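The values are calculated or read from the model by the stated rules, or taken from the named source; none is laboratory data. Just so we're clear, the structure is a prediction, and the values are computed from it rather than from any experiment. With ideal geometry, Cβ positions are generated from the backbone for all residues, glycine too; neighbour counts draw on all protein chains shown. The accessibility values were calculated without ligands, DNA or RNA, using every heavy atom of the protein model including side chains. Shrake-Rupley method; radii C 1.70, N 1.55, O 1.52, S 1.80 Å.
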Amino acid sequence: MKRLSRRSTPALGHRPPEQTAPDGRPSGTSAPLLVVDDLATEFATPGGPVLALRNAGLVLPQGRTLGVVGESGSGKSVLVRSIMRLLRSRGVRHEGSVRFDGEELLTASNARMRKIWGDRIAMVFQDPMTTLHPNHRIGFQITEALREHLPLSPDEAQDRALRLLESVAIPEPARRLRQYPHEMSGGMRQRIVIAIAIACAPDLLLADEPTTALDVTVQAQVLDLLSLHQSRRGMAMILVSHDLAVVSSRTDELAVMYSGQIVESGPTAAVLDAPLMPYTAALLRSTPTVDKAPGTRLHTIPGEPLPPERRVTGCRFASRCRYAVERCLTTEPPLAATPGGRGYRCHLPLDGTAAQEALAANLARGRTAAGLAVTETDVVRGA
Amino acid sequence: MKNGLRSIAAPRSARLLAFRVARLAAVLLIVTLGTSLLIDLVPGDPAVAIAGETASDAVIAAVREQYGFDQPILQRWWEWTASVVTGDLGESYSTRRPVTTLIAERLPVTIELTVLAMLFTVLVAVPLGLYAAYRSGSWADRAINAMTSALIAVPSFVIGLVLVLAFAIGTGWFPASNWTYLDESVPGNLSAAFLPALSLALVEIAIITPILRADAVATLENDYIALARAKGIGTARLLFRHVLRPSSISTTTLLGLALARLFGGAIVIEFVFNLPGLGSLLITAIRSNDLLLMQGLVAFIALIYVVANFAVDLLLVKLDPRVAAE
């Protein structure tokens with residue numbers, strides 16, 4: 001069988017962080033809850049195989065939160081659904097490794113996955129208008145997972161469901177249990193989806209753009225609710241968003257995706273303070289924040305996102321990067337790791353002088369090695 | 001048109017219901033008018049059939065007048081309808097017995113065949129269609145598709161003959177013909193009904209399986225199915241509790257049509273298996289030029305047909321709570 005991708009580089013992201021006890025000795029006890037290593041996902045389509053995710057690696061310890069950001073189509077959803085192995089099996093091929101609590105999920109049987117789904121790993125989906133079953137009452141939808149995994153009587157399950165609805169701040173929970181999804185607002189439905197996800201107290205919660213489809217006014221409420229339950233129950237959480245602002249204050253670690261790859265990762269604050277990968281920096285410049293002076297123009301990233309399935313020889317971001325030099329077009333940047341637990345895929349990390357020299361040279365020529373026009377005003381405005 | 005305004009103001013479901021009732025009445029009207037025309041369409045003179053080939057012209061004319069064959073069609077229809085409304089379908093010319101009695105005698109056989117065939121259809125087509133959808137693209141899906149495509153092209157009476165050859169004459173497992181009534185012997189009755197019901201059902205299975213499969217394939221793409229899978233529930237539960245209902249709109253419509261079609265199909269199959277149902281009664285009526293019996297039977301079968309469709313329409317509203325809420 002042909003490999004989906006060259007295993008030329010180690011998994012992106014830091015190796016499992018050395019767990020150290022207060023006295024400085026490695027404790028060696030708690031292995032990370034989730035270790036994704038060199039994960040690739042390919043879809044069979046009528047037009048041939050499409051590689052939607054490549055070389056993905058990440059490590060998530062118990063109770064920690066990881067943010068995954070990137071533009072639409074960068075492979076964020078494919079990443080979380082691949083971790084959960086929730087993509088319909090036909091025509092989908094995975095490679096690499098997803099270890100959850102020491103157990104390999106990619107080769108686990110379907111029966112084994114059903115034991116893990118809902119009970120140990122749960123998911124909150126993007127659009128609450130389409131993720132609840134239109135023909136079933138809310139009570140049925142909440143108790144279903146409970147009764148699948150726990151030895152509860154119908155009354156006990158009903159009682160749990162009631163308390164779950166209370167815990168996600170749904171007024172009149174007893175009445176709501178008897179209602180159908182179409183009788184509720186989007187924000188309320190997403191709370192119910194959250195209640196379903198946390199019903200069996202999973203160890204890992206995957207939230208795939210949980211607020212994208214909601215009104216701005218309820219977005220914060222839903223995110224707060226997720227954070228509350230995450231910390232209260234000590235769940236590990238992966239929070240996927242295209243919105244940096246959503247993940248910046250709510251996650252410990254951050255992974256930035258571009259064109260089916262994780263291009264930068266590390267502690268959230270460190271990555272946002274001083275991005276190493278030009279794509280992360282560009283994404284930050286294009287995000288509105290309150291501390292930017294009024295009237296500041298938001299930067300846009302020139303060009304179109306590279307579709308994940310497109311094969312290129314060099315860096316996947318090179319065509320849109322103003323630092324790009326010849327090497328970026330000919331050689332794929334390997335995964336580099338820093339002592340601070342950060343990882344990036346770039347020949348010219350932004351903390352080095354090489355990046356500034358390359359930018360100066362590109363400015364002098366008026367274009368990058370990939371032919372992208374760059375001018376002084378772009379840089380001043382953006383930087 | 002004086003209640004036109006009120007009907008516009010009425011709730012959508014009530015207007016829908018009124019429309020369906022009106023359609024039901026219109027279909028019955030057209031069918032009964034058509035059966036009243038039979039006298040002009042059927043070859044041979046019914047008066048001759050009743051009076052006998054050797055009867056004199058005067059006798060034939062008297063019979064014609066007695067039975068009203070000489071009256072215009074609307075008049076005949078009106079008189080027939082007026083008595084039907086009181087529950088009187090008239091008397092069979094050939095047997096001199098009330099048509100309603102004849103129908104009542106034969107009806108249980110046809111109903112049993114129809115119900116059994118319906119049962120077979122649902123029990124086979126639903127799991128088969130759901131499974132094919134769940135495994136779409138697999139060899140199992142392709143095998144099911146090939147099987148149903150082949151079956152759909154074969155009329156039920158041909159299937160019936162093949163089944164008789166294989167399982168009645170060939171192996172002797174089932175009787176090739178002859179009916180055993182339920183009160184005579186339950187196993188005997190089921191054994192007699194099995195092959196004819198199966199031949200009726202196979203065609204319906206071939207029609208319904210691919211339709212349900214197509215709808216279920218679309219349903220499986222929904223987020224709420226991903227959520228259901230993410231709960232860790234088993235495949236059977238996923239398919240029957242989550243996929244079936246949202247995929248069942250076309251299937252329910254078709255099952256309603258199937259019910260009516262099975263009822264009609266039973267008539268042909270009864271002939272193949274020589275069973276004492278409405279079908280053989282209808283054929284007897286046609287052979288003996290028994291107009292009133294024909295008219296009563298056709299009207300009765302039409303009534304079953306439209307009522308079945310009407311029931312399906314009501315059921316469809318029930319299937320989707322969003323429709324009922326409007």
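List the residue pairs whose Cβ atoms are under 8 Å apart, where the first residue sits in the stretch B:54-77 and is on the phi > 0 side of the Ramachandran plot, the second is open to solvent by 50 Å² or more (accessible area, probe 1.4 Å) and among the polar types (S, T, N, Q), and the two are 6 or more positions apart or on different chains.
B:Gly68/B:Gln75
Criterion first (surrounded by fewer than 23 Cβ atoms within 10 Å (Cβ to Cβ) and assigned to a helix (DSSP H, G or I)) does A:Glu144 satisfy it?
Answer is no for this residue.
On the given criteria, is B:Ala230 out of contact with any strand residue (DSSP E or B) (no Cβ under 6 Å at 6 or more places or on another chain), small (Gly, Ala, Ser), within 14 Å of chain A (Cβ to nearest Cβ) and under 30 Å from A:Ile142 (Cα atoms)? Full working, then the answer.
Values: out of contact with any strand residue (DSSP E or B) (no Cβ under 6 Å at 6 or more places or on another chain): no; small (Gly, Ala, Ser): yes; within 14 Å of chain A (Cβ to nearest Cβ): yes; under 30 Å from A:Ile142 (Cα atoms): yes.
Judged against the criteria, B:Ala230 is not a match.
So A:Ser74 clears everything in (1) of a type in the set (Gly, Ala, Ser); (2) part of a strand (DSSP E or B); (3) surrounded by 21 or more Cβ atoms within 10 Å (Cβ to Cβ) except one condition, right? Which one?
(2)
Residue check: is B:Ala132 in contact with an Asp or Glu (Cβ under 6 Å, 6 or more places away or on another chain), in a helix (DSSP H, G or I) and closer than 30 Å to B:Ala216 by Cα?
Details: in contact with an Asp or Glu (Cβ under 6 Å, 6 or more places away or on another chain): yes; in a helix (DSSP H, G or I): yes; closer than 30 Å to B:Ala216 by Cα: yes.
It is true that B:Ala132 is in contact with an Asp or Glu (Cβ under 6 Å, 6 or more places away or on another chain), in a helix (DSSP H, G or I) and closer than 30 Å to B:Ala216 by Cα.
State whether the residues of the stretch A:256-265 include one that is surrounded by fewer than 22 Cβ atoms within 10 Å (Cβ to Cβ) and farther than 21 Å from A:Ala360 by Cβ.
Residues of the stretch A:256-265 that are surrounded by fewer than 22 Cβ atoms within 10 Å (Cβ to Cβ), as a first pass: none.
No: the stretch A:256-265 contains no residue that is surrounded by fewer than 22 Cβ atoms within 10 Å (Cβ to Cβ) and farther than 21 Å from A:Ala360 by Cβ.
In the stretch B:252-273, what residues are surrounded by fewer than 23 Cβ atoms within 10 Å (Cβ to Cβ) and at pLDDT 85 or above?
Listed by number, the residues that qualify are B:Thr252, B:Leu254.
Mind listing whichever residues of the stretch A:149-186 are touching a Leu at 6+ places or on another chain (Cβ under 8 Å), away from chain B (no Cβ under 14 Å) and in contact (Cβ under 8 Å) with a residue 40 or more places away in the chain?
Answer for the stretch A:149-186, where residues must be touching a Leu at 6+ places or on another chain (Cβ under 8 Å), away from chain B (no Cβ under 14 Å) and in contact (Cβ under 8 Å) with a residue 40 or more places away in the chain: A:Val168, A:Ala169, A:Leu177.
Please determine whether any residue of the stretch B:94-101 is out of contact with any strand residue (DSSP E or B) (no Cβ under 6 Å at 6 or more places or on another chain) and either open to solvent by less than 30 Å² (accessible area, probe 1.4 Å) or under 30 Å from B:Leu315 (Cα atoms) (or both). Spell out how you get there, then give the answer.
Residues of the stretch B:94-101 out of contact with any strand residue (DSSP E or B) (no Cβ under 6 Å at 6 or more places or on another chain): B:94-97, B:99-101.
Then keep just the ones that are either open to solvent by less than 30 Å² (accessible area, probe 1.4 Å) or under 30 Å from B:Leu315 (Cα atoms) (or both); that gives B:99-100.
Looking for residues that are out of contact with any strand residue (DSSP E or B) (no Cβ under 6 Å at 6 or more places or on another chain) and either open to solvent by less than 30 Å² (accessible area, probe 1.4 Å) or under 30 Å from B:Leu315 (Cα atoms) (or both), one finds at least one in the stretch B:94-101, hence yes.
Would you mention how many residues in the stretch A:320-369 are part of a helix (DSSP H, G or I), over 18 Å from A:Thr280 (Cβ atoms) and open to solvent by 30 Å² or more (accessible area, probe 1.4 Å)? Break it down into steps so the answer makes sense when it comes.
Going residue by residue through the stretch A:320-369, those that are part of a helix (DSSP H, G or I) are A:320, A:326-330, A:353-365.
Filter once more, so that each one left must be over 18 Å from A:Thr280 (Cβ atoms): A:326-327, A:329-330, A:353, A:357, A:360-365.
Filter again for open to solvent by 30 Å² or more (accessible area, probe 1.4 Å), leaving A:326-327, A:329-330, A:353, A:357, A:360-361, A:363-365.
The number of residues fulfilling the criteria is 11.
Please determine, by comparing only the residues of the stretch A:116-141 that are out of contact with any Leu (no Cβ under 6 Å at 6 or more places or on another chain) and β-branched (Val, Ile, Thr), which one is farthest from the other protein chains (Cβ to nearest Cβ).
Checking each candidate, the answer is A:Val124.
Tell me, yes or no, whether the stretch B:214-228 has at least one residue that is in the same structural domain as B:Ser138 (by TED's automatic domain parsing), buried (at least 24 other Cβ atoms within 10 Å of the Cβ) and touching a residue at least 40 places away in the same chain (Cβ under 8 Å). Write out each step before concluding.
Restricting attention to the stretch B:214-228, the residues satisfying the condition of being in the same structural domain as B:Ser138 (by TED's automatic domain parsing) are B:214-228.
If we keep only those that are buried (at least 24 other Cβ atoms within 10 Å of the Cβ) as well, we get B:216, B:227-228.
If we keep only those that are touching a residue at least 40 places away in the same chain (Cβ under 8 Å) too, we end up with B:216.
There is at least one residue in the stretch B:214-228 that is in the same structural domain as B:Ser138 (by TED's automatic domain parsing), buried (at least 24 other Cβ atoms within 10 Å of the Cβ) and touching a residue at least 40 places away in the same chain (Cβ under 8 Å).
Using the structure shown, decide if B:Ala311 is open to solvent by 30 Å² or more (accessible area, probe 1.4 Å), under 15 Å from the mean Cα position of the chain (by Cα) and more than 30 Å from A:Val124 (Cβ to Cβ).
Details: open to solvent by 30 Å² or more (accessible area, probe 1.4 Å): yes; under 15 Å from the mean Cα position of the chain (by Cα): yes; more than 30 Å from A:Val124 (Cβ to Cβ): yes.
Considered against the rule, which asks whether it is open to solvent by 30 Å² or more (accessible area, probe 1.4 Å), under 15 Å from the mean Cα position of the chain (by Cα) and more than 30 Å from A:Val124 (Cβ to Cβ), B:Ala311 comes out as yes.
Return a yes/no flag: does the stretch B:115-124 have any residue that is out of contact with any Pro (no Cβ under 7 Å at 6 or more places or on another chain), surrounded by fewer than 17 Cβ atoms within 10 Å (Cβ to Cβ) and either within 24 Å of B:Ala299 (Cβ to Cβ) or at pLDDT below 85 (or both).
Within the stretch B:115-124 (the criterion being out of contact with any Pro (no Cβ under 7 Å at 6 or more places or on another chain), surrounded by fewer than 17 Cβ atoms within 10 Å (Cβ to Cβ) and either within 24 Å of B:Ala299 (Cβ to Cβ) or at pLDDT below 85 (or both)), the answer is yes, since at least one residue qualifies.
So A:Ser109 clears everything in (1) among the polar types (S, T, N, Q); (2) more than 9 Å from chain B (Cβ to nearest Cβ); (3) crowded, with 20+ Cβ neighbours inside 10 Å except one condition, right? Which one?
Single failed check for A:Ser109: (3).
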